[in-house]
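Encoded as structure tokens, the structure appears first; notes follow it.
No value in this document is a laboratory result; all are computed from the given coordinates. In this text, all values refer to a predicted model and were calculated from it rather than measured experimentally. No Cβ is skipped: glycine too gets one built from the backbone with ideal geometry, and neighbour counts run over all protein chains shown.
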Amino acid sequence: MTEDIPEKIKTYYERRKKLNKLLTSTQVEGSKAYDNATDLLKDEDGEIDLDKLKEDDMRKQFIDKITDHYISAAKKRLKSEVKTEDEFGVDMLLSGYAQVTKAEIEQAVNEKKHQYTKDVHNEVSKDLKKKQINKLIPALSSHFEDSDVSDIVKYTKADSLVHANRMRIDDALPFLDHFNKGKGSVTYEHVEGKHYAKKKAA
């Protein structure tokens, strides 16, 4: 990055970085939540026995331990003092942090029971990540207006490829993400067939 980055583009990249950190942290905490909960399932030899999740009481304890870990991580992240016994407050907290509620965790575990493996939990975590992205992505670009398209096109060195005046801000945002990932300038292949693409040079 250079010092010549337009202020709004700089803000976009700062927000993108924060989002990436949140998504990574949530995934890591989700993995830890499962690992901590499996301590309940260890047999006398210290091996994890998923068959214990066939028991209703054990599933409840398992779900509570997963939820407690998420609550702890969410409290730390969001600086919340919500009490564990405040079910609605807990759901609001978890939804704000990881886009999940205790009821959703219960549903996932109770549905799979002894088949609720780490792989299954990871798939659940992926779904939560998608929900986070869908909720937060619009906020990344909320400060942009269509009048900022020309700055984005210029910054990403796409002037020779597109007619900026035919583009909306949603058309230009992918240019920023491509450029920021170190993949170089936008190429004609990225805009080919778009209504705002210039004719390819012979």
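Okay, here's what the table says:
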quantity	calculated
Partner aspartates and glutamates for residue 10 [C-alpha distance under 16 Å; skip if fewer than 8 residues away on the same chain]	145, 148, 151, 177
Over 21 Å (Cα to Cα) - which of 21/42; 76/129; 60/112 fall in this group	21/42
Calculated FRET value between residue 170 and residue 126, using beta carbons and R₀ = 30 Å, to 0.05	0.75
Three-way shape label, segment 1-117, alpha-carbon gyration tensor, a/c 1.5	prolate
Residue-span extension gain [residue 36 to residue 114] - 0.36 nm each, minus C-alpha spacing	26.4 nm
Surrounding net charge for residue 26, when Lys and Arg each add one and Asp and Glu each subtract one, Cβ distance under 10 Å	+2
In segment 103-202, the GluC sites (Glu not before Pro) that fall in loop regions by DSSP, at most 13 other Cβ within 10 Å	145, 192
Gap separating the Cα centres of segment 94-122 and segment 50-80, nearest whole Å	9
Relative contact order computed over the chain (Cα-Cα under 8 Å; 6+ residues apart), in percent	18
Structure-based [θ]222 nm, the chain - -39500 (n - 2.57) summed over DSSP H runs of at least 4, per residue, nearest 500	-20000 deg cm²/dmol
Hydrodynamic radius of segment 144-191 per Kirkwood, over alpha carbon pairs, in Å	10.5
Axial C-alpha extent at least 15 Å, average Kyte-Doolittle at least -0.5 - helices from the chain (DSSP)	87-98, 169-180
Unit charges on C-beta of K, R, D, E only; dipole of the chain, Debye	1220
For the chain, built as a Gaussian network whose Cα springs stay under 10 Å, the top-fluctuating residue of 47, 14, 29	47
Set of segment 96-121 residues, backbone N closer than 20 Å to the point 7 Å along the Cα-Cβ line of residue 24	97-99
Given (1) 1.32; (2) 1.62; (3) 1.38, the label whose value is Cα Rg over 2.2 N^0.38 Å derived from this model	(3)
